[in-house]
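**Student:** I'd like to ask some things about the structure below.
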Amino acid sequence: MTKLWGGRFDGKNEAWVDEFGASIPFDQLLAHQDIAGSLAHVKMLGKTGILTAAEATTIADGLKAVAEKITSGEYQFTIENEDVHLNIESFLHEEIGPVAGKLHTARSRNDQVATDMHLYLKEVLQDVVTKIAALRTVLVKKASDNIETIMPGYTHLQHAQPISFAHHLLAYYGMLTRDQERFTENLKRADISPLGCAALAGTTFPIDREFSAAELGFSAIYQNSLDGVSDRDFILEFLSNASILMMHLSRFCEEIILWCSHEFKFVQLTDTFSTGSSIMPQKKNPDMAELIRGKAGRTYGNLLGLLTVMKGLPLAYNKDLQEDKEGMFDSAHTILSSLEIMAGMVASMTVNVQHMAESTEKDFSNATELADYLAAKGMPFRQAHEIVGKLVLSCTQQGSYLQDVPLTQYQEISPLITADIYEALQSRTAVKRRHTLGGTGFDQVALQVEKAQQELGSH
């Protein structure tokens, strides 16, 4: 088969060379966008008189027929035609004959593929924003049901201070809110049309770039043709945002995995998001959470891969840029499926409210309460910190806890301590009293939930 670009060549590539250079195994995912771009381009060619009205209509009708036959499976992509663009142009030749060759007037595969990827990523970004909003909604619902559910707060994975479980969930809501903002900003960079930049220098034909951009729903065009065909910043931005999102999901999954363990027993996942063991009949593994945690690594790899491809490329187009697509497709699929799984997993998750609360009663997460109690009564905090630290050491050695210490012993430590200390040491009291703005106090968490509901409602 003669290549559509083969006029300059008198030899024929070996099949394995064609296979190495072809992108059709993966860029066929852009078929819908490629035909949309071609329809806008040919409409512009007809409007400007570069093609006759009859030619433009014939080509447009042919493209629509090709689209239908690709969808039905009647047309099959081939390695011989290298990429999605040449495959579709070949199909168009079958439909309408030699006039199909006029479609590529005033256009290059360089601006064509860039346009396809802008269109593809615009669609993906809108879907990602929608799915992040859905997960944020799930988190807020779960938080609203657990405002007064008490759990240990951790630093260094050690019990630190008791907090509201809703407060913990809303921390992830905050992360996802920033993620959604980043992807929304990403849309601005994806919403720029490179169509008409041609190979690198524009074209001698009197095209109307603003018209074709408007036809495709772009809000702007690239002002520099070299930049238009060589820019992949919008993809790098997407891959970076995807990596940050997956990092957030991975952190949350790590906690869910811990919470499901026999040692924690804080939550239970439904069978839908769990699997068993081939040898241990008792096992119920949080595999979906583990997979999301693992898939964070592949999104990081996709980002690093494209950064490395781009770092040494001179302007304008280079074949290296063929490597910009697979990572983009893979990360898009990964984050969209991960967001969907995450939303279902959290929504159906059972919270072991009583066990969470009990886990704050046989520990020293109330030590700060005693130090704050003494500081509030006038003792310098550093002195209070030292006194409480020594008392914790003594309790640890004796196998007791701060709430077990007799009042007489407390008053030997400091006459500032009275019977109300036992109320202050209770986990519920400790959480309730932390009512500074953004704190874990029940009233503050309720305000956070209310604000989040308003934010979600406004979107």
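The values are calculated or read from the model by the stated rules, or taken from the named source; none is laboratory data. Predicted model only: the values in this text are computed from it and were never measured. Note: ideal-geometry Cβ built from the backbone for every residue, glycine included; neighbour counts use all protein chains shown.
**Student:** Quick check on my filter: what residues within the range 422-443 are in contact with a Gly (Cβ under 9 Å, 6 or more places away or on another chain), buried (at least 17 other Cβ atoms within 10 Å of the Cβ) and not in a helix (DSSP H, G or I)?
**Tutor:** Once the filter is applied, which keeps residues that are in contact with a Gly (Cβ under 9 Å, 6 or more places away or on another chain), buried (at least 17 other Cβ atoms within 10 Å of the Cβ) and not in a helix (DSSP H, G or I), the range 422-443 yields 434, 440.
**Student:** Identify the single condition in (1) touching a residue at least 24 places away in the same chain (Cβ under 8 Å); (2) out of contact with any helix residue (DSSP H, G or I) (no Cβ under 7 Å at 6 or more places or on another chain) that residue 97 does not satisfy, given that it satisfies every other one.
**Tutor:** Answer for residue 97: the failing condition is (1).
**Student:** Between residues in the range 123-148 that are part of a loop (DSSP other than H, G, I, E, B) and residues that are aromatic (Phe, Trp, Tyr), which pairs lie under 8 Å by C-beta distance while being six or more apart or on different chains?
**Tutor:** Pairs that qualify, where the first residue is part of a loop (DSSP other than H, G, I, E, B) and the partner is aromatic (Phe, Trp, Tyr), are 146/165; 147/442; 148/442.
**Student:** Among (1) assigned to a strand (DSSP E or B); (2) in contact with a Gly (Cβ under 9 Å, 6 or more places away or on another chain), there is one condition residue 115 misses while meeting the rest; what is its number?
**Tutor:** Failing condition for residue 115: (1).
**Student:** Here are 225, 219, 230: which of them is closer than 19 Å to residue 41 by Cα and crowded, with 19+ Cβ neighbours inside 10 Å?
**Tutor:** 225
**Student:** Next question, about the same structure. Applying the selection to the range 42-68, what residues are exposed (fewer than 15 other Cβ atoms within 10 Å of the Cβ) and either assigned to a helix (DSSP H, G or I) or not assigned by TED's automatic domain parsing to the domain that holds residue 17 (or both)?
**Tutor:** 53, 54, 57, 61, 64, 68
**Student:** For the range 305-320, enumerate the residues that are modelled with pLDDT under 95 and assigned to a helix (DSSP H, G or I).
**Tutor:** Correct list: 319, 320.
**Student:** I need the full set of residues from the range 69-93 which are among the charged types (D, E, K, R) and over 25 Å from residue 47 (Cα atoms), in order please.
**Tutor:** 69, 74, 80, 82, 83, listed by residue number.
**Student:** Taking the criterion of being of a type in the set (S, T, N, Q), surrounded by fewer than 23 Cβ atoms within 10 Å (Cβ to Cβ) and either within 30 Å of the chain's Cα centre (by Cα) or not assigned by TED's automatic domain parsing to the domain that holds residue 131 (or both), would at least one residue in the range 184-198 satisfy it?
**Tutor:** yes
**Student:** Could you check, for the range 401-424, whether at least one of its residues is among the charged types (D, E, K, R), within 21 Å of residue 152 (Cβ to Cβ) and either assigned by TED's automatic domain parsing to the domain that holds residue 264 or under 46 Å from the mean Cα position of the chain (by Cα) (or both)?
**Tutor:** Scanning the range 401-424 turns up at least one residue that is among the charged types (D, E, K, R), within 21 Å of residue 152 (Cβ to Cβ) and either assigned by TED's automatic domain parsing to the domain that holds residue 264 or under 46 Å from the mean Cα position of the chain (by Cα) (or both).
**Student:** While we're on this one: Considering (1) in contact with a helix residue (DSSP H, G or I) (Cβ under 8 Å, 6 or more places away or on another chain); (2) touching a residue at least 60 places away in the same chain (Cβ under 8 Å), say which one residue 189 fails and leave the rest.
**Tutor:** Evaluating residue 189 over (1) in contact with a helix residue (DSSP H, G or I) (Cβ under 8 Å, 6 or more places away or on another chain); (2) touching a residue at least 60 places away in the same chain (Cβ under 8 Å) leaves (2) as the failure.
**Student:** Hey, another quick one. Any idea which of (1) surrounded by fewer than 22 Cβ atoms within 10 Å (Cβ to Cβ); (2) of a type outside the set (S, T, N, Q); (3) free of Cβ contacts under 8 Å to residues at least 60 places away in the same chain is the one residue 292 doesn't satisfy?
**Tutor:** (1)
**Student:** Just one of the numbered conditions (1) crowded, with 21+ Cβ neighbours inside 10 Å; (2) over 28 Å from the mean Cα position of the chain (by Cα); (3) over 30 Å from residue 371 (Cα atoms) is not true of residue 113; which one?
**Tutor:** (2)
**Student:** Considering (1) surrounded by fewer than 20 Cβ atoms within 10 Å (Cβ to Cβ); (2) assigned by TED's automatic domain parsing to the domain that holds residue 57; (3) polar (S, T, N, Q); (4) part of a helix (DSSP H, G or I), say which one residue 87 fails and leave the rest.
**Tutor:** Failed condition: (1).
**Student:** Now for a different question. Which condition number does residue 282 fail, the rest of (1) modelled with pLDDT of 95 or more; (2) farther than 30 Å from residue 228 by Cα; (3) surrounded by fewer than 19 Cβ atoms within 10 Å (Cβ to Cβ); (4) out of contact with any Lys or Arg (no Cβ under 8 Å at 6 or more places or on another chain) being met?
**Tutor:** Only one criterion in (1) modelled with pLDDT of 95 or more; (2) farther than 30 Å from residue 228 by Cα; (3) surrounded by fewer than 19 Cβ atoms within 10 Å (Cβ to Cβ); (4) out of contact with any Lys or Arg (no Cβ under 8 Å at 6 or more places or on another chain) is unmet by residue 282, namely (1).
**Student:** Being more than 27 Å from residue 368 (Cα to Cα), at pLDDT 95 or above, outside any loop (DSSP other than H, G, I, E, B) and not assigned by TED's automatic domain parsing to the domain that holds residue 402 is the requirement here; does residue 238 meet it?
**Tutor:** yes
**Student:** Ok, one more. Note down all Cβ pairs under 7 Å where the first residue falls in the range 336-362 and is at pLDDT below 95, the second is not in a helix (DSSP H, G or I), and they're at least six residues apart or on different chains.
**Tutor:** Qualifying pairs under 7 Å: 362/401.
**Student:** Considering each of 315, 304 in turn, give the residue that is surrounded by fewer than 18 Cβ atoms within 10 Å (Cβ to Cβ) and either over 23 Å from residue 194 (Cα atoms) or among the charged types (D, E, K, R) (or both).
**Tutor:** It is 304.
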